[in-house]
Amino acid sequence: MTPSAIDHHDTSADDLRQQLRAAGLRVTKPRLAVMRWLTGNPHSTADEVATAVRHELGSVSTQAVYDVLHACTDAGLLRRIEPAGHPARYETRTADNHHHLVCRQCGRTEDVDCVIGAAPCVVPSSTAGYLVDEAEIVFWGYCPECQSSAIVPEDLSHHHEEEQS
């Protein structure tokens, strides 16, 4: 999504200020811009966020955006996901246990609700003495756009057609 296509959803600037304060963070223009962008554009990379913030505020360093992402993630306002082989992505959906579906071709990422709901929703065969409190599940596949552009390997396309019948 381009920076000019910011979707502010139902989160007002006052709501964002309140969230930042409740998390013990100072309210700054870069923090508000980052939170505003991610509210409407979940699963954005740091570079996408930086581009959007610069579009909104003018001159803001990439490092400043990384600092905001780090502070807001540490404060629990953002969730950082790191799909293997793809850049880290950020989202504001932090209050539930959900998973992600990632397109192997274009990297598009979607939320997938957890059917169990509680974390961890899967249990390892052995914990090796660890106290397990979370399981990260990423589903991989091909988004509808990549499927329709014939990028999907033929053996997978055939398998998908069989599942549809």
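Restricting attention to segment 51-88, which residues are small (Gly, Ala, Ser) and either over 18 Å from residue 16 (Cβ atoms) or touching a strand residue (DSSP E or B) at 6+ places or on another chain (Cβ under 8 Å) (or both)? Across segment 51-88, the qualifying residues are 52, 58, 59, 61, 84, 85, 88. Restricting segment 49-67 to residues that are touching a residue at least 40 places away in the same chain (Cβ under 8 Å) and buried (at least 20 other Cβ atoms within 10 Å of the Cβ), the residue that is farthest from residue 111 (Cα to Cα) is 52. Only a single criterion out of (1) over 28 Å from residue 106 (Cα atoms); (2) surrounded by fewer than 21 Cβ atoms within 10 Å (Cβ to Cβ) is not satisfied by residue 16, namely (2). Pull out all pairs, ordered by first then second residue, where Cβ-Cβ is under 6 Å, the residues are six or more apart or on different chains, the first lies in segment 89-108 and is aliphatic (A, V, I, L, M), and the second is assigned to a loop (DSSP other than H, G, I, E, B). So the pair list comes out as 102/83.
The number of residues in segment 123-147 that are of a type outside the set (A, V, I, L, M), modelled with pLDDT of 90 or more and either touching a Phe, Trp or Tyr at 6+ places or on another chain (Cβ under 6 Å) or assigned to a loop (DSSP other than H, G, I, E, B) (or both) comes to 4.
When each of 130, 90 is tested for being exposed (fewer than 13 other Cβ atoms within 10 Å of the Cβ), among the aromatic types (Phe, Trp, Tyr) and out of contact with any Gly (no Cβ under 8 Å at 6 or more places or on another chain), the lone residue that passes is 130. Among the candidates 120, 83, the residue that is surrounded by 15 or more Cβ atoms within 10 Å (Cβ to Cβ), in a loop (DSSP other than H, G, I, E, B) and in the same structural domain as residue 54 (by the TED database) is uniquely 83. Under the condition of being more than 13 Å from residue 146 (Cα to Cα) and out of contact with any strand residue (DSSP E or B) (no Cβ under 6 Å at 6 or more places or on another chain), which residue from segment 93-112 is surrounded by the most Cβ atoms within 10 Å (Cβ to Cβ)? Filtering segment 93-112 for residues that are more than 13 Å from residue 146 (Cα to Cα) and out of contact with any strand residue (DSSP E or B) (no Cβ under 6 Å at 6 or more places or on another chain), the one surrounded by the most Cβ atoms within 10 Å (Cβ to Cβ) comes out as 97. State yes or no: is residue 50 among the small types (Gly, Ala, Ser) and under 17 Å from residue 136 (Cα atoms)? Against the criterion (among the small types (Gly, Ala, Ser) and under 17 Å from residue 136 (Cα atoms)), residue 50 does not qualify.
The values are calculated or read from the model by the stated rules, or taken from the named source; none is laboratory data. Bear in mind the structure is a predicted one, so any value in this text is a computation, not a measurement. Ideal geometry is used to build each Cβ from the backbone, glycine not excepted, and the neighbour counts take in all protein chains shown.
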